[in-house]
Amino acid sequence: MTTPLHVAVVGSGPAGLYTAEALVKQAAALDPPRQVSVDVLDRLPTPYGLVRYGVAPDHPSIKSIAEYLRGVLEHEHVRFLGGVRLGGEVTREDLLSCYDAVVYATGAMRDRRMGIEGEDLPGSYAATDFVNWYCGHPDTGPDAFTMDAESVAVVGVGNVAVDVARILVRDPDELRRTDVSQPVLEALTGSKVREVHMIGRRGPAQAKFTTKELRELGELAGVDIVVGAGEADPDAFDATASGAALADSDRRVRGNLAVINNWAARIPAGHARRLTIRFWLRPVKVEGTERVSGLTVERTRLDENGRLTGTGELETIPAQMVLRSVGYQSVPLPGIPFDERTHTVPNAEGRVLGPDGAPLPREYVAGWLKRGPTGVIGTNKSDAAAPNRVPLVDVLAGRNVATVSYAGWLKVERAEAELAAALGRGARVKLASRDEIDALCWEADVQ
């Protein structure tokens, strides 16, 4: 009989849990079958990563992915160990000494910066910080944002920027049936935001959002949608006329352009809130002294060689808050090789590469940490075994380090359902603070 393999997966988001599922299924499908036990570690006390903390609360259908991932965590050969930080409670050496293989799948949690003057003024934030706030991430307190800005500039034209813009202009009463925490809902209810500007450096044909996400913006009640004058034309500032060619070859681009052109033809109805979509503008300075007062942008164009260049034409958009959503990066893990250029772990088909370019034994990488934030989740295989390993939980117990089990997480789930019932707000309302989550987790785990 073959010896069971014990694998650690670091990160309990989609990449980590799909990897755990693939390991168990692929091992069982071998001839002869092989048993694999997987410990899924996460620095947070709660699982599911971006599914829980990166999906806007008004998109419950997408969050149904969590129900599928729940099945992975409830598999008899998968165990959740929350509140365990790589580089904190455990080291790389601990993992390699306790497991036959380790898969790193921690995603891309850091935003890219614009690199312009004034970017660090009060009122200028990463969109990830705002998303963390309205999604109830344990790292972000419920008082992190005060919604006292009347005008907000969102830099970026991807789906995260669309989510952020939608939350800013949506009638907060429509969020009552979602899982948004009560303090955040109250802050959004008292929001002074009346206008949001969503800004892209290139044209509508090059925008990254999906047509479905885009259409939802146009369906918001009480919101006027406006497109910058002449900016709906994909080739208005493109000397190569590549926008039309993209539309011919890409169904998503055609769908986006149809939606944007429809908006451009609309006559504003004078609603209380307005979303203005702008293209061919790049930020050059966040204005303000003590806090943000505006965003200065420069008109851009694609030259005859397809290079994005500035025209020198400047415009200042009044705004008291700037949210940048210009891309995301993975962060280095303590002791793990990392490419600062690509912000990924160097790998060959998922095998972690050492400084000499050779694969490191028993170390793998999956998801965005492997590829960059492309949204594609890969699976990984272990290829080595080592007998007589000490279980990580025993190592942690010897250090008096407690971990959050799946039972602890279920206590949080029940509490959120009970809170929703008490508030009359739907199926779940997220707990508002890390302290509340921790108290429940430890209560569930310490018998």
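The values are calculated or read from the model by the stated rules, or taken from the named source; none is laboratory data. Just so we're clear, the structure is a prediction, and the values are computed from it rather than from any experiment. Cβ coordinates were reconstructed from backbone atoms using ideal geometry, including for glycine residues, and neighbour counts include every protein chain displayed. The protein model used for the area step is the full one, side chains on, heavy atoms only, and it has no ligands, DNA or RNA in it. Shrake-Rupley method; radii C 1.70, N 1.55, O 1.52, S 1.80 Å.
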Considering only protein heavy atoms, what is the solvent-accessible area of Arg170 at a probe of 1.4 Å, reported in Å² to the nearest 10? 50 Å²
Cross-link candidates for Lys208: which lysines have Cα within less than 22 Å, leaving aside residues fewer than 8 places away along the same chain? Lys63, Lys370
Tally Lys and Arg at +1 and Asp and Glu at -1 over the other residues with C-beta under 11 Å from the C-beta of Thr316: what net charge comes out? -2
Per residue solvent-accessible surface (Å²) - the chain, probe of 1.4 Å: 44 Å²
Taking Cα pairs closer than 8 Å and at least 6 residues apart, the relative contact order of the chain in percent is 21 percent
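Computing the accessible area with a 1.4 Å probe over protein heavy atoms, can you report the carbon and sulfur percentage for the stretch 293-373?
Within the stretch 293-373, the accessible surface is 51 percent carbon and sulfur.
For the chain, what is the percent of antiparallel DSSP beta bridges, rounded to the nearest 5?
Given both bridge residues lie in the chain, the antiparallel proportion sits at roughly 35 percent.
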Is the stretch 192-316 best put as rounded, prolate or oblate by its Cα gyration tensor, with a ≥ b ≥ c the root eigenvalues, rounded for a/c under 1.5, and otherwise prolate when a/b is larger than b/c, oblate when not? oblate
Rounded, prolate or oblate: which fits the stretch 168-227 when a ≥ b ≥ c are the square roots of the eigenvalues of the alpha-carbon gyration tensor, with rounded for a/c under 1.5 and prolate only if a/b beats b/c? prolate
Shape category assigned to the stretch 262-322 from the gyration tensor of Cα positions, a/c cut at 1.5: oblate
Ordering Trp442, Trp368, Trp280 by accessible area with a probe of 1.4 Å, largest first, what comes out? Trp442, Trp368, Trp280
With no solvent and one point on each alpha carbon, what is the Debye value of log10 I(q)/I(0) for the chain at q = 0.10, 0.12 Å⁻¹? -0.80, -1.08
Approximate shape of the stretch 193-239 as ellipsoid semi-axes (Cα gyration tensor, √5λ), whole Å, largest first: 21, 13, 9
Heavy atoms of Lys192: accessible area, 1.4 Å probe, square angstrom to 10: 110 Å²
Please report, as a whole percent, how much of the solvent-accessible surface of the stretch 5-122 comes from carbon and sulfur atoms (probe radius 1.4 Å). 54 percent
Cross-link partners of Lys212 among aspartates and glutamates (Cα-Cα below 18 Å; sequence separation of 8 or more within a chain): Asp58, Asp163, Asp250
For Asp120, what is the net charge nearby, where nearby means another residue's Cβ is under 12 Å from its Cβ and Lys, Arg count +1, Asp, Glu -1? +1
